[in-house]
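The values are calculated or read from the model by the stated rules, or taken from the named source; none is laboratory data. Here the structure is a predicted model, which means the values were calculated and not measured. Note that each Cβ is placed from the backbone with ideal geometry, even for glycine, and that neighbours are counted across all protein chains shown. Note: areas computed on protein heavy atoms with side chains; ligands, DNA, RNA excluded. Shrake-Rupley method; radii C 1.70, N 1.55, O 1.52, S 1.80 Å.
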Amino acid sequence: VYRLVVGSSALAAGGILAYIAHKRRQVKTIPLGEGWWGAGEKPLSEDEKIYPFQVQTSDEEIKDLHERIDRTRYSDPLEDSGFQYGFNSTHLQKVVSYWRHEFDWKKQVTVLNKFPHFKTKIEGLDVHFIHVRPSHRETRKVRPLMLVHGWPGSFYEFYKILPLLTENQDGLVFEVICPSIPGYGFSDAPHKKGFNSLAAARIFLTLMERLGFSQFYVQGGDWGSLITTNMAQMKPQCVKGLHLNMMMSGRGFKVLLSLMIGPYLPFLVGFSREDVRRLFPFFEKNVWEMLRESGYLHIQATKPDTAGCGLNDSPVGLAAYILEKFSTWSDFKNRDLVDGGLERKFSLDDLLTNVMIYWTTGSIVSSMRFYKENLQSNLDARVDAKTGIFVPTGFAAFPNELMHVPKSWAQIKYRNIYSYTFMPRGGHFAAFEEPQLLANDLIQFVRKVEKS
């Protein structure tokens, strides 16, 4: 008992001292800095014009895709394995058969082009984005909003939510900008090492400035949540509000204490009953599950070019690698299903359109490198880890997200939370899975900010 008491006291004292030291280290904003990610040396000047862009395809591109699909060599799945070992190859053949014989890429290119696309050169890279203005804006104040995707998604994830945001919502309407992260989709890939979320945030801030927006809202999930958070840390005077559907868990004494007490006396550590239901048993839901699902992360954070080589050459390999994430990350229970539950939340046309954005641009390797650039050094030593977020923040906590972050944990870093919502359903790809739910939560958050 004596050892337990002394040990607990030492732990508490150490946690308090660490917290005080952390507070002293924190800075208010992140310096913008500068970068150059183009090939060769940085020129004296850069073209800052914005150019229209259209997604295009050709018969040759489609023919090459079909020939590669026809040469695919499949393996046999284990009996009764579902998606527990990855994408079940029996179901993969069904998906690929649809892709080869029924999926119409030319039609989907027309769908992609229904919103206006543009490109502009920033820090040596052609940055792609779609820019959707509300159709009727005479009598309403229009709020600029940037939506940022993650991996293995793309700007296409937002196609269903865009009409919900750019049409009148009782006087509230948005002008929406959806960029492609450099190295993803139709944005150029960096030519130099070191392009991380801070660099992406700086480029997107430049993009918004170039478009003439001095104040705006930002929303993101996956890498988009980190990029938009960095934007709020760099230029809090420009970011009117930050809305997230994924948040990384904090660490430290407060988190450790809440893990010990939370299951028994949740109210003492700021947990709700729903927090307890989603968090515990903690090791099963947040440690072992993450170990089961993070193998890809370790590969991409260490040797992305090695794994990416095969994916960039095989469309079927690429589809299996990407679509398995849309299965499991929308609901872990999908691993027990032979079809991975893929079409419970998505259509094959939508899923394959996202895959085709990676395939036709050859961007899978550069998108995977983003993990190495962000994770090759100690994240706690980065400047953004030492910088609090003080802009109004909203968080939509979807029940099937990879990891649950209670409000009390989020408040460690996000100091000005205006809204925190337990969403009734949905997983990692919120805008793609539940566009109406995400739009509703974003709109109520913005209303709160506008009234303050």
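See the values below:
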| read-out | value |
| --- | --- |
| Sites R140 and I50 - FRET efficiency at Förster radius 22 Å, r taken between beta-carbons, to 0.05 | 0.35 |
| Ordering of 354-361, 206-213 by burial proxy (mean other Cβ atoms within 10 Å per residue, highest first) | 354-361, 206-213 |
| Accessible area expressed per residue, the chain, with surrounding protein chains retained (probe 1.4 Å, Å²) | 47 |
| Antiparallel bridge percentage (DSSP; both residues within the chain; nearest 5) | 40 |
| Net lengthening on full extension, H131/N378 (0.36 nm per residue, minus Cα-Cα) | 85.4 nm |
| Proximal aspartates and glutamates to K235, defined as alpha-carbon separation beneath 12 angstrom and excluding residues fewer than eight positions away on the same chain | E209 |
| For the chain: relative contact order, % (alpha-carbon pairs under 8 angstrom, 6 or more apart) | 20 |
| Cα gyration tensor shape for region 381-452, rounded if a/c is under 1.5, else prolate or oblate | oblate |
| Protection-proxy order for peptides 46-52, 100-106, each taking the mean of Cβ atoms within 10 Å per residue, highest first | 100-106, 46-52 |
| Net charge of neighbours whose Cβ lies under 15 Å from the Cβ of S377, counting Lys and Arg as +1 and Asp and Glu as -1 | +2 |
| Heavy-atom accessible surface of the chain: percent carbon and sulfur, 1.4 Å | 54 |
| Burial order of peptide ranges 56-63, 222-229 (average beta-carbon count within 10 Å, highest first) | 222-229, 56-63 |
| Anisotropy class of region 166-260 from Cα gyration tensor, a/c 1.5 cut | oblate |
| Label-point separation, M290 to F332 (7 Å along Cα→Cβ), nm | 1.2 |
| Under 17 Å from the Cα of K451 - aspartates and glutamates, other chains or at least 8 residues apart | D170, D441 |
| Solvent-accessible surface ranking, highest first, for K141, K345 at 1.4 angstrom | K141, K345 |
| Förster radius 56 Å - calculated FRET efficiency between Q93 and Q215, Cβ distance, rounded to 0.05 | 0.65 |
| Anchor K285: aspartates and glutamates whose Cα lies under 20 Å away (excluding residues fewer than 8 positions away in-chain) | D222, E274, D275, E293, E324, D331, D336, E401 |
| Flagged links, alpha-carbon separation over 20 Å, of K240/K448; K119/K325; K63/K160; K303/K333; K119/K193 | K119/K325; K63/K160; K303/K333; K119/K193 |
| ³J(HN,Hα), Karplus 6.51/-1.76/1.60, whole Hz, each residue of region 224-241, x for Gly, Pro | x, 5, 6, 4, 5, 4, 4, 4, 5, 6, 7, 9, x, 6, 9, 8, 6, x |
